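**Q** Supplied in structure tokens, the structure appears directly below.
The values are calculated or read from the model by the stated rules, or taken from the named source; none is laboratory data. Remember, it's a predicted structure, so these values are computed and weren't measured experimentally. All Cβ positions, even for glycine, are placed from backbone atoms using ideal geometry, and neighbour counts span all protein chains on display.
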Amino acid sequence: MRVIKNSVITNNVAKLCKQAAYILPNEITRALKQSKQKERGQAKKILELTLKNAEIAKKQVFPLCQDTGTAVLFIEIGQDLKIDGSLENALQAGIKKGFTENYLRKSIVSDPLFIRKNTKTNTPAVIHYNIVKGNKLKINLMLKGGGAENKSQIKMFNPTASKEEIIEFILSTVKAAGPYACPPFIIGIGLGSNFEGAALLSKQALLRNKSNKNPFYKKLEKEILQKINKTHIGAQGLGGKITALKVFIEYAPCHIASLPCAVNICCHSARHAGVVL
Amino acid sequence: MKSYEIIDTSLKELSKLKAGDFITLTATVYVLRDMAHKKLLKEKIFPLNLKDKIVYYAGPTPTRKGYKSGSLGPTTSVRMDKFCKEFIKKTSIIGIIGKGPRSKEANTCMLGKVVYFVALGGLGALGGSCVKNSTIILYPELGPEAVYQVQIENLPVIVAQDLKGNNIYGECL
């Protein structure tokens with residue numbers, strides 16, 4: 001059986017923190033450049049500055065955004081793999097190391113309501129584990145800012161709800177996020193599963209960089225993106241043709257009584273990085 | 001779209017600004033956010049002299065050795081709205097930099113006294129590179145939520161509400 005040392009996991013997670021916080025993914029840079037071409041005036045200038053921001057961050061002195069986020073880890077563990085030591089500890093240690101060594105902001109408090117004391121390490125990360133076939137360990141890290149996360153929503157529709165009703169809910173979520181959540185956005189949508197499942201799907205959708213393989217959902221992604229851009233919320237919510245860069249839908253089977261829909265808003269600084277060990 | 005540079009940040013100079021002006025700002029600003037507001041307003045004697053100063057709703061990343069600042073960009077202003085009236089009354093500040101529209105109440109209490117600027121959200125690297133000096137002056141135990149005195153140079157900001165109450169997000173009164 002293949003064995004991975006927990007120190008290897010810790011070091012790789014720390015590296016992912018650095019990569020995600022300082023290097024904007026290529027597909028986002030490309031989408032920002034294309035959007036810049038479509039805009040004029042103030043919106044164009046804002047997108048130019050957004051691209052300049054990514055250039056400055058690339059030099060690895062200043063992170064892309066001061067809100068270096070909640071660390072969200074998606075882990076796929078091959079069932080034929082053995083981890084030497086505690087996987088959970090190795091992952092959390094990697095976040096602590098990555099956030100400390102790379103001068104990232106520690107934004108996590110220990111208790112939501114009463115104490116709210118900063119943990120000073122940005123741990124605990126939110127970790128989602130999946131057991132899969134094989135003997136590899138796949139780690140995907142997302143640094144998710146608070147402003148955009150605060151504007152995300154979920155709604156439990158009736159199973160007979162129409163496509164139009166779903167789109168209307170997504171649009172109203174995007175409009176409410178407006179200038180608060182740093183547009184142009186990337187929109188992650190989770191359809192189906194159950195209450196917590198839909199929320200998780202909507203977050204996983206943000207890790208994708210290609211449109212849907214299913215032709216129905218691919219078409220729906222395109223339709224929603226067009227409608228979002230017709231809101232003219234624009235970059236920074238100050239008007240413009242481009243309000244969202246991408247829309248990604250993840251879907252799953254669900255109960256005969258339900259049609260859950262979760263919308264996870266991601267700011268233009270869509271920070272994620274992954275590795276397979 | 002107007003674009004010019006503001007260095008003199010007296011109220012007289014700020015009164016020339018109009019909602020929608022896209023300017024670069026050079027000034028000493030006081031960086032603080034949610035928890036610092038809560039703590040400051042509970043103090044028996046207000047511990048800072050912020051008369052005629054500009055506050056910036058933000059929480060920077062830690063400063064790397066040999067540099068002046070970490071990444072610095074605006075946080076959502078509307079979360080500070082519940083403190084806004086009392087804070088302006090106690091400090092006599094003349095400018096606020098933040099992100100996004102504010103409540104009618106906050107817009108009303110800024111009217112005639114405080115210019116509201118929005119900095120570009122998610123552009124912390126650009127913001128950090130505009131910092132010439134940064135010092136924690138209060139509540140270091142709050143970490144990123146401490147109060148910082150920061151010298152900014154040529155920070156791109158947009159005037160969201162001018163002293164007359166014109167507001168880029170819509171009517172304020």
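**Q** Condition first: over 20 Å from the mean Cα position of the chain (by Cα) and either within 22 Å of A:ARG30 (Cα to Cα) or polar (S, T, N, Q) (or both). Now tell me which residues in segment A:235-262 satisfy that.
**A** Answer for segment A:235-262, where residues must be over 20 Å from the mean Cα position of the chain (by Cα) and either within 22 Å of A:ARG30 (Cα to Cα) or polar (S, T, N, Q) (or both): A:LEU238, A:GLY239, A:GLY240, A:LYS241, A:SER258.
**Q** Which one of these does A:SER172 not meet: (1) without any contact (Cβ under 8 Å) to a residue 24 or more places away in the chain; (2) within 14 Å of chain B (Cβ to nearest Cβ)?
**A** Only one criterion in (1) without any contact (Cβ under 8 Å) to a residue 24 or more places away in the chain; (2) within 14 Å of chain B (Cβ to nearest Cβ) is unmet by A:SER172, namely (2).
**Q** Next question, about the same structure. May I ask you to verify whether B:GLY121 is without any contact (Cβ under 8 Å) to a residue 60 or more places away in the chain, in contact with a His (Cβ under 9 Å, 6 or more places away or on another chain), of a type in the set (Gly, Ala, Ser) and within 25 Å of A:GLU48 (Cα to Cα)?
**A** So B:GLY121 passes the test.
**Q** Of the residues A:VAL174, A:VAL132, only one is surrounded by fewer than 22 Cβ atoms within 10 Å (Cβ to Cβ) and either closer than 30 Å to A:LYS44 by Cβ or not assigned by TED's automatic domain parsing to the domain that holds A:GLN236 (or both); which?
**A** After ruling out the rest, the residue left standing is A:VAL132.
**Q** Return the residues of segment B:142-173 that are more than 14 Å from B:GLY59 (Cβ to Cβ), within 11 Å of chain A (Cβ to nearest Cβ) and either over 13 Å from the mean Cα position of the chain (by Cα) or surrounded by fewer than 19 Cβ atoms within 10 Å (Cβ to Cβ) (or both); say none if nothing qualifies.
**A** B:ILE168, B:TYR169
**Q** Report whether or not A:LYS82 is facing chain B (nearest Cβ under 9 Å) and either within 16 Å of A:LYS15 (Cα to Cα) or of a type in the set (Lys, Arg) (or both).
**A** no
**Q** Taking the stated definitions as given, is B:LYS16 free of Cβ contacts under 8 Å to residues at least 24 places away in the same chain, farther than 19 Å from B:MET110 by Cβ and surrounded by fewer than 19 Cβ atoms within 10 Å (Cβ to Cβ)?
**A** No.
**Q** Starting from segment A:92-109, take each residue that is free of Cβ contacts under 8 Å to residues at least 40 places away in the same chain and list its partners that are in a helix (DSSP H, G or I) and not basic (Lys, Arg), counting only C-beta distances under 8 angstrom and pairs at least six apart or across chains.
**A** From segment A:92-109, the pairs are A:LYS106/A:PHE99; A:LYS106/B:GLY143; A:LYS106/B:PRO144.
**Q** Continuing with the same structure: Can you spot a residue in segment A:14-21 that is away from chain B (no Cβ under 14 Å) and either closer than 21 Å to A:PRO183 by Cα or of a type in the set (A, V, I, L, M, F, W, C) (or both)?
**A** yes
**Q** Name the single residue, out of those in segment A:109-129 being assigned to a loop (DSSP other than H, G, I, E, B) and hydroxyl-bearing (Ser, Thr, Tyr), that is surrounded by the fewest Cβ atoms within 10 Å (Cβ to Cβ).
**A** The selected residue is A:SER110.
**Q** Taking segment A:22-48 as the region of interest, how many residues are in contact with a strand residue (DSSP E or B) (Cβ under 6 Å, 6 or more places away or on another chain) and either within 12 Å of chain B (Cβ to nearest Cβ) or under 18 Å from A:ILE95 (Cα atoms) (or both)?
**A** So the count comes out to 0.
**Q** Which of the residues belonging to segment B:64-97 are assigned to a loop (DSSP other than H, G, I, E, B) and either away from every other protein chain (no Cβ under 13 Å) or surrounded by fewer than 20 Cβ atoms within 10 Å (Cβ to Cβ) (or both)?
**A** The answer is B:ARG64, B:LYS65, B:GLY66, B:TYR67, B:LYS68, B:SER92, B:ILE93, B:ILE94.
**Q** To continue, here is another question. In segment A:81-114, what residues are among the charged types (D, E, K, R) and touching a strand residue (DSSP E or B) at 6+ places or on another chain (Cβ under 8 Å)?
**A** Listed by number, the residues that qualify are A:LYS82, A:ASP84, A:GLU88, A:LYS106.
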